[in-house]
Amino acid sequence: DGGITQSPKYLFRKEGQNVTLSCEQNLNHDAMYWYRQDPGQGLRLIYYSQIVNDFQKGDIAEGYSVSREKKESFPLTVTSAQKNPTAFYLCASSIRGQGGTGELFFGEGSRLTVL
Amino acid sequence: AQTVTQSQPEMSVQEAETVTLSCTYDTSESDYYLFWYKQPPSRQMILVIRQEAYKQQNATENRFSVNFQKAAKSFSLKISDSQLGDAAMYFCAYRTPLPMDSNYQLIWGAGTKLIIKP
């Protein structure tokens, strides 16, 4: 079945450590996104990528980094520079441009907790 | 700048009854898309319904329908015959259509928590 797989589902990190969240999709979508979700808030865009080897900062990119070496994969690294990394992280993908309505397909999310 | 507002942080409804979730948005664009997404306790976001602004007819998907009032910039979601499985956070989102080479992103509301009473 086509879809988006995020791993790990739960992750604990000590302060000062970098962690990488995995996101893989087999929907053949060009565009991929990382969102952060905090309680009582909507989704905030961290980074997005429209094509392999290219990505742009979203609204809250500080303390995060990404790579897009393959169409299927868009990993997110939460660095030690991120002041408040405890949150729920959602990865999504979509058809790029006029070929689609912009509907996002989401993974099941990763819950990161900093101890 | 475009904004999306969901003024109801929480709503509750008796099972089998009808509930309406409100969403308003602000934009100067004439062509755009509006979405309602559902996020159940499992946390995976699922598209509920989509509306293209150029279409006057309100979108419907089984028990879910929208009341799209373009002039008022309002996009409410009506859930008929509410079921226990409808309990979730519901998010309203907005997007403008852009050319192939441009980027685009969704503008999200803060969400409404829907509680279904058995």
Next on the checklist: Suppose we keep only residues that are surrounded by 15 or more Cβ atoms within 10 Å (Cβ to Cβ) and small (Gly, Ala, Ser) within region A:36-65. Which one would you say is farthest from residue A:15 (Cα to Cα)?
Outcome noted: A:49
Item to check | Lone qualifier among B:66, B:19, B:48 - being more than 9 Å from chain A (Cβ to nearest Cβ) and touching a residue at least 60 places away in the same chain (Cβ under 8 Å) | outcome: B:19
Item to check | Residue count, region A:32-42 (criterion: within 10 Å of chain B (Cβ to nearest Cβ) and at pLDDT 90 or above) | outcome: 3
Checklist outcome for this item: For region A:66-100 the number of residues that are within 14 Å of another protein chain (Cβ to nearest Cβ), surrounded by 15 or more Cβ atoms within 10 Å (Cβ to Cβ) and in a loop (DSSP other than H, G, I, E, B) is 3
Checklist outcome for this item: Residues of region B:33-80 being under 18 Å from residue A:41 (Cα atoms), of a type in the set (Ser, Thr, Tyr) and at pLDDT below 95, in sequence order, are B:42
Checklist outcome for this item: Among the residues of region B:22-36, the number that are outside any loop (DSSP other than H, G, I, E, B) and more than 8 Å from every other protein chain (Cβ to nearest Cβ) is 5
Next on the checklist: Just to be sure before I move on: is residue B:76 more than 11 Å from every other protein chain (Cβ to nearest Cβ) and small (Gly, Ala, Ser) in the structure I sent?
Outcome noted: yes
Item to check | Checking residue A:110 against (1) touching a Cys at 6+ places or on another chain (Cβ under 9 Å); (2) closer than 22 Å to residue B:95 by Cα, the condition it does not meet | outcome: (2)
Checklist entry - Taking residue B:89, is it surrounded by 13 or more Cβ atoms within 10 Å (Cβ to Cβ), within 11 Å of chain A (Cβ to nearest Cβ), part of a strand (DSSP E or B) and at pLDDT 95 or above? => result yes
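Is it true that residue A:103 is of a type in the set (Asp, Glu), under 23 Å from residue B:32 (Cβ atoms) and within 10 Å of chain B (Cβ to nearest Cβ)?
Here the answer is yes, as residue A:103 does meet what is asked.
The values are calculated or read from the model by the stated rules, or taken from the named source; none is laboratory data. This structure is a prediction, so every number in the text was calculated from the model and none was measured. Cβ sites come from the backbone with ideal geometry, for glycine too, and all protein chains shown count toward neighbours.
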